[in-house]
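Participant: Got a structure here, written out as structure tokens. Questions coming.
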2 protein chains.
Amino acid sequence: VKLSQLGEFGLIDLIAKRESKHSDTVVGIGDDCAVLKIPSTRYQVTNKLQKAKYLLITTDTLVENVHFKLPRDSFFDIGQKAMIANISDIAAMGGIPTHALVTIGLPEKITVEKIKELYRGIDSLAKRHKIDIVGGDTISSPGALVVSITMLGEVEKKYLLLRSGAKVGDLICVTGEFGGPAAEGFESRESKVESRIREARMIAKKQIATSMIDSSDGLVRSVIEICRASKVGAKIWEDRVPVARGAVLDQALYGGEEYELVFTMRKSKVESRKSKVGNAKMHIIGEIVMAKCGVKLMDARGKLKALKSGGYEHFR
Amino acid sequence: VKLSQLGEFGLIDLIAKRESKHSDTVVGIGDDCAVLKIPSTRYQVTNKLQKAKYLLITTDTLVENVHFKLPRDSFFDIGQKAMIANISDIAAMGGIPTHALVTIGLPEKITVEKIKELYRGIDSLAKRHKIDIVGGDTISSPGALVVSITMLGEVEKKYLLLRSGAKVGDLICVTGEFGGPAAEGFESRESKVESRIREARMIAKKQIATSMIDSSDGLVRSVIEICRASKVGAKIWEDRVPVARGAVLDQALYGGEEYELVFTMRKSKVESRKSKVGNAKMHIIGEIVMAKCGVKLMDARGKLKALKSGGYEHFR
């Protein structure tokens, strides 16, 4: 079925049918706005201060030939990837995703079956994480397919984790391994969508971290972002970086496309060098130093090295 | 200045600098998510039931050559238009816009000056309506310029106006005039950005309307949408439709691109045939009938006519 045969309202009906209502969704798809109950009102009666919550909001957009390629990537994978990018942002704040808006820019040639596949990818993660799709926009896009998702979440005030809390002397920790997506190469890359939402939540609830970020743009860049926000520097211990099978160190440091967690902890809170958070191995890969030291690599013999320009150039 | 010379972080800094913080914005641009205080918590202590609020969320995307054309439209106008589309959606629910996320997909050839112009358009309305820009995404877009805005708002429970509340016997009312943008034509069209946020709010606070929608897709289509959502039909009185100077009836009925309000009222609440809401003239243009009658036009002699296929085809 071609999109032109279905028509705009046919498409809206197709999308609206997918909706599963949360108890706090007053109006979902079909009006000018979605209407949501304020998340915290559920809790405020019982225990006002303990359960005070913030609203989280983030947006991420994937564009054909920039963030994915057709027909290399399946529509299902593209849908999942768009969701993961947003879920990961909510998780990195210590929060839980609750609602999403999905905007798709559709080239004329696209078939309804492909759009359904895209939404099947989106829905699979919406269902797993109990995220309500409450709206969006469907537009024609000359040339490239565009998938843009805005996600809402909530986090208890006391569990909120920012990028900006790292202090000199803190240890830099990561979940999982790095370099896998970069090593697998463009053609052979499969969809590996794992978001560390459960692990992020555990870290937040333990209240052991001083800052956190997801690693979607690469490990080094994530450390740089924490340093920028916290006004500190960092030493990354090269030999402690968990490199994925088949990848080399540079791919682990600069590759990106993982959705792991990078976070900092007070030294006194660390129980052992290698441990686990939920299903993920946790590795300590460096320490926070003074801002004037910048962000540097340290090899096994203790020699400091500058970052590759790809990572360092961003640091300004 | 070319975009490539500025670099991604240069651009983020450019955008982040614009930010003016609301008192309920905990974290704006620069972390994984924006963090907002839940709007209703401000009010709940004093008067829980009276001031209970809902969160509103909407998104609208403009694509080059679909919703605007370059160089015909100025970047300032495009920025304003993207804001207006979203503000108008919040207004149509009876609400007030509070926060926005701005995602722009930039073709490589675009200059930094043009991007600044775009943001100047966005900021002008953000400032006027006290909307905080708390995040977004900046991506490269091969070919077409894309501007996508997600907007949050809030509305008191008792003022919420949906499309779905129209009842048989209600009168159909509109603000302003119709057909202007269609009549002015593609080439000569100037930016006429007026959002009826003040008038929408007055209608909501008077609690006189049973349903409301904005007229961005055309007057007839707006009536059809109210009818779809409310499971009713409508008669539109042709000779009562306020046609803009220089426009003909068909342009007023099907043209679109206005951001006026279309709403329904109980007959008993209407004081006079022609009156004002805020700065806008209010016109009564028809009445709600049973669903089985469909949506029809009625001429001055009382003769019923079918809608043009452009409007009617959508009604299924």
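The values are calculated or read from the model by the stated rules, or taken from the named source; none is laboratory data. Worth saying up front: this structure is predicted, and the values here are computed from it rather than measured. Glycine gets a Cβ as well: all are built from the backbone with ideal geometry, and neighbour counts include every protein chain shown. Remember, those area values only see protein heavy atoms, side chains included, never the ligands or the DNA or RNA. Shrake-Rupley method; radii C 1.70, N 1.55, O 1.52, S 1.80 Å.
Participant: Does any residue of segment B:52-67 turn out to be more than 7 Å from chain A (Cβ to nearest Cβ) and at pLDDT below 90?
Facilitator: yes
Participant: List the residue pairs whose Cβ atoms are under 6 Å apart, where the first residue sits in segment A:110-122 and is over 7 Å from A:Phe75 (Cα atoms), the second is open to solvent by 10 Å² or more (accessible area, probe 1.4 Å), and the two are 6 or more positions apart or on different chains.
Facilitator: Partner pairs satisfying both residue conditions: A:Ile110/A:Leu3; A:Val112/A:Val1; A:Val112/A:Leu6; A:Arg120/A:Phe76; A:Gly121/A:Phe76; A:Gly121/A:Gln80.
Participant: May I pose another question? Which of the following residues is assigned to a loop (DSSP other than H, G, I, E, B), modelled with pLDDT of 90 or more and closer than 25 Å to B:Ala82 by Cα: B:Ala204, B:Ala247?
Facilitator: Only one candidate qualifies: B:Ala247.
Participant: Further question on the same structure: Please determine whether any residue of segment A:224-234 is closer than 29 Å to A:Arg301 by Cα, modelled with pLDDT of 95 or more, touching a Cys at 6+ places or on another chain (Cβ under 9 Å) and not β-branched (Val, Ile, Thr).
Facilitator: yes
Participant: Against the condition aliphatic (A, V, I, L, M) and assigned to a loop (DSSP other than H, G, I, E, B), how does A:Ala144 come out, does it pass?
Facilitator: It is true that A:Ala144 is aliphatic (A, V, I, L, M) and assigned to a loop (DSSP other than H, G, I, E, B).
Participant: For segment A:137-164, which positions are farther than 27 Å from B:Asp89 by Cβ, more than 8 Å from chain B (Cβ to nearest Cβ) and open to solvent by less than 40 Å² (accessible area, probe 1.4 Å)?
Facilitator: If the condition is that a residue be farther than 27 Å from B:Asp89 by Cβ, more than 8 Å from chain B (Cβ to nearest Cβ) and open to solvent by less than 40 Å² (accessible area, probe 1.4 Å), then A:Glu156, A:Tyr159, A:Leu161 are the ones that fit.
Participant: Mind counting the residues in segment A:126-135 that are in a strand (DSSP E or B) and buried (at least 24 other Cβ atoms within 10 Å of the Cβ)?
Facilitator: Total satisfying the criteria: 3.
Participant: How about segment B:209-244: which of its residues are in a loop (DSSP other than H, G, I, E, B) and either crowded, with 23+ Cβ neighbours inside 10 Å or at negative phi (or both)?
Facilitator: Passing the criteria: B:Ser215, B:Ser216, B:Asp217, B:Gly218, B:Val232, B:Val241, B:Pro242, B:Ala244.
Participant: Which one is farthest from the other protein chains (Cβ to nearest Cβ) among residues in segment B:165-177 that are touching a helix residue (DSSP H, G or I) at 6+ places or on another chain (Cβ under 8 Å) and open to solvent by 30 Å² or more (accessible area, probe 1.4 Å)?
Facilitator: If we take residues in segment B:165-177 being touching a helix residue (DSSP H, G or I) at 6+ places or on another chain (Cβ under 8 Å) and open to solvent by 30 Å² or more (accessible area, probe 1.4 Å), then B:Glu177 is farthest from the other protein chains (Cβ to nearest Cβ).
Participant: Go through segment B:116-136 residue by residue and tally those that are out of contact with any helix residue (DSSP H, G or I) (no Cβ under 9 Å at 6 or more places or on another chain) and facing another protein chain (nearest Cβ under 10 Å).
Facilitator: Qualifying residue count, segment B:116-136: 2.
Participant: Could you identify the single residue in B:Ser141, B:Ser148, B:Ser74 that is at pLDDT 90 or above and over 26 Å from B:Ile226 (Cα atoms)?
Facilitator: So the residue among B:Ser141, B:Ser148, B:Ser74 that is at pLDDT 90 or above and over 26 Å from B:Ile226 (Cα atoms) is B:Ser74.
Participant: Continuing with the same structure: Out of all the residues in segment A:80-110, which are part of a loop (DSSP other than H, G, I, E, B), in contact with a strand residue (DSSP E or B) (Cβ under 6 Å, 6 or more places away or on another chain) and on the phi < 0 side of the Ramachandran plot?
Facilitator: Hits for segment A:80-110 are A:Ala92, A:Met93, A:Gly95.
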